[in-house]
1. What number goes with the only condition from (1) more than 28 Å from Val124 (Cα to Cα); (2) open to solvent by 70 Å² or more (accessible area, probe 1.4 Å) that His89 does not pass?
2. Gly78 - would you say it is crowded, with 24+ Cβ neighbours inside 10 Å and on the phi > 0 side of the Ramachandran plot?
3. Among the listed residues Lys49, Lys21, Lys40, which satisfies the condition of being outside any helix (DSSP H, G or I) and either open to solvent by 50 Å² or more (accessible area, probe 1.4 Å) or in contact (Cβ under 8 Å) with a residue 24 or more places away in the chain (or both)?
4. For the structure I just gave you, tell me whether Ile234 is under 30 Å from Met254 (Cα atoms), open to solvent by less than 20 Å² (accessible area, probe 1.4 Å) and in contact with a Phe, Trp or Tyr (Cβ under 8 Å, 6 or more places away or on another chain).
5. Scan Glu319, Glu267, Glu273 and give me the residue that is among the charged types (D, E, K, R), touching a strand residue (DSSP E or B) at 6+ places or on another chain (Cβ under 8 Å) and open to solvent by less than 10 Å² (accessible area, probe 1.4 Å).
6. Within segment 373-393, how many residues are under 20 Å from Leu259 (Cβ atoms) and surrounded by 24 or more Cβ atoms within 10 Å (Cβ to Cβ)?
7. Pick out, from segment 197-296, the strands (runs of 3 or more DSSP E) lying fully within it that include 3 or more residues that are of a type outside the set (Gly, Ala, Ser), touching a residue at least 24 places away in the same chain (Cβ under 8 Å) and in contact with a helix residue (DSSP H, G or I) (Cβ under 8 Å, 6 or more places away or on another chain).
Amino acid sequence: MKPNKKSLPDQNGFFGDYGGKFVPETLMFALEQLEQTYNKLKDNNDFKKQFYKDLSEFVGRPSPLYFAQRLTKHYGTGSIWLKREDLNHTGAHKINNTIGQILLAKHMGKKRIIAETGAGQHGVATATVAARLGLECHIYMGAEDVQRQSLNVYRIKLLGAQVHSVDSGSATLKDALNEALRDWVTNVDNTYYIIGSVTGPHPYPMIVRDFNSVVGEELISQSQDLFNGMPDAIVACVGGGSNAMGIFYPFINMTETRLIGVEAGGEGVETGEHAAPLNDGSPGVLHGALSYLMQDDSGQVKSTKSVSAGLDYPGVGPEHSWLKDTGRAEYVAVSDGDALKAFHQVSEFEGIIPALETAHAFAYLDELMKDFNSDSNIVVNVSGRGDKDINTVAEIDGIKF
């Protein structure tokens, strides 16, 4: 089957069998209002002009496509290129989506902004755009992630937002999203919820994908300019999936380019101690959408395990589930140990300290590069920078400051 990106999602928000709106009646009107606003504005020339102006002047786009000379030499086959989302203002790809959604919130007259965050990058990006407009902002974050991402917690507070630490469940991203949804149900009239990934009820997976697809759009023209063709493969880490979907989406019908998503393998997929629903999950409903999910035989959501806060999530976006089932994208898992090794390797080889999320994508190069020859061009999406992870990695390495 050759996927047709222009036909999905359908009018009910489904990508094949996945997606939809599985939410309380209280939120149905808010979702319909959001969808109507987005459909009205997405092709509006003034709206698009403002979106791309903000991406250029505030975020610093386009992000470079950078030739990784020493990594290329290390593997000895194919050329490795890095799409440098780590160089964006706030340090990750998340700002692309929040720039777009804050414009929607402004048009809808919402004065209060909420968001969930795992690694903290979406929280920082949301607090940043809210600060620009002087809007009240609340960020929900699992207590576990508050500890391991303390730098980003402080950045969020510096930007004037309030951080709500969530102690329930596993105290990670899943639980933060639960609390953000509860807030939205309670305050739906004056509150805009900026979801940070291609998860949640329709129209969020579509909206987040579209705003972040600027990454893939830039890559098409940069590839043509730098190596006179399209990449042979694009590699990106996958948690909820916004990073990967943003770079995959413009390439879905370019079937000569392999699309490879790398999930968090934790202690190993075979152990059950991981966060890899596309590798070891089954379809189920989580946070308002039907998608692949880590669940037990009773349908209860399983606990996750990952060294990376941003990948520590038991579900995944519905469009990724569709891409898996159609075979258009490949999904693999990388262990904590291999990700940590890649974190150090990329830092030392390229002078680029990657986020632990991105390190999963780099780690898969050990396997992937065996498939290519010297004429091949492989792109790794560098979803974010690793400043936020220094304390985590130092503690694992036994280093105390």
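The values are calculated or read from the model by the stated rules, or taken from the named source; none is laboratory data. This one's a predicted model, so the numbers in the text were calculated from it and none came from an experiment. All Cβ positions, even for glycine, are placed from backbone atoms using ideal geometry, and neighbour counts span all protein chains on display. Side chains are part of the model used for accessible areas, which takes the heavy atoms of the whole protein and leaves out ligands, DNA and RNA. Shrake-Rupley method; radii C 1.70, N 1.55, O 1.52, S 1.80 Å.
1. With (1) more than 28 Å from Val124 (Cα to Cα); (2) open to solvent by 70 Å² or more (accessible area, probe 1.4 Å) applied to His89, the lone miss is (1).
2. no
3. Being outside any helix (DSSP H, G or I) and either open to solvent by 50 Å² or more (accessible area, probe 1.4 Å) or in contact (Cβ under 8 Å) with a residue 24 or more places away in the chain (or both) holds for just one of Lys49, Lys21, Lys40, which is Lys21.
4. Criteria met by Ile234.
5. Unique residue meeting the criteria: Glu319.
6. Counting residues in segment 373-393 that are under 20 Å from Leu259 (Cβ atoms) and surrounded by 24 or more Cβ atoms within 10 Å (Cβ to Cβ) gives 7.
7. Answer list for segment 197-296: 233-237, 258-266.
Residue-wise test of (1) open to solvent by 20 Å² or more (accessible area, probe 1.4 Å); (2) of a type in the set (Val, Ile, Thr); (3) at pLDDT 95 or above.
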position: His287; (1), (2), (3): no, no, no
position: Gln295; (1), (2), (3): yes, no, yes
position: Val334; (1), (2), (3): no, yes, yes
position: Gly337; (1), (2), (3): yes, no, yes
position: Phe343; (1), (2), (3): no, no, yes
position: Phe349; (1), (2), (3): yes, no, yes
